[in-house]
Amino acid sequence: MKLRLETERLILRPWDVDDAEGMFYGWANDPEVTKYVTWNPHEDIELTKLIISNWIKEYAKPERINFAIVLKDS
């Protein structure tokens, strides 16, 4: 999957396993944040890596994509 969308301020792109640290420490382990999603907080970064790996495998299906949202200036 190579789909990438850009706006003036944002990049929407497929996830990469290298994103796991930012996802885990940024929000995926935070109970206050994850109360708004359909899964529980991640207990460790290995779970985050596993989930991202599964998302990457799902990119083979044209109807399935999860985007990472990145600020262009960071």
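The values are calculated or read from the model by the stated rules, or taken from the named source; none is laboratory data. Note that this is a predicted model, so its numbers are computed, not measured. Note that each Cβ is placed from the backbone with ideal geometry, even for glycine, and that neighbours are counted across all protein chains shown. Heavy atoms of the whole protein, side chains included, go into the accessibility calculation; ligands, DNA and RNA do not. Shrake-Rupley method; radii C 1.70, N 1.55, O 1.52, S 1.80 Å.
Shape class of the chain from the Cα gyration tensor (axes a ≥ b ≥ c, square roots of the eigenvalues): oblate, since a/c reaches 1.5 or more and a/b does not exceed b/c.
Local charge for PRO41 was computed over the other residues whose Cβ lies under 11 Å away, with Lys and Arg +1 and Asp and Glu -1, and equals -3. Taken one residue at a time, the phi angles of segment 24-39 give Karplus couplings (6.51, -1.76, 1.60, θ = phi - 60°) of 4, 6, x, 6, 5, 9, 9, x, 5, 7, 6, 5, 9, 10, 8, 10 Hz. Gly and Pro are set to x. Accessible area per residue for the chain is 75 Å², calculated with a 1.4 Å probe on protein heavy atoms, without ligands, DNA or RNA. Amide H contacts under 5 Å for LEU10: LYS72, restricted to partners 5 or more places along the chain or on a different chain, H placed in the peptide plane at 1.01 Å from N. Restriction of the trypsin sites (Lys or Arg not before Pro) in segment 31-63 to DSSP coil positions whose beta-carbon has at most 15 other beta-carbons within 10 angstrom yields LYS35.
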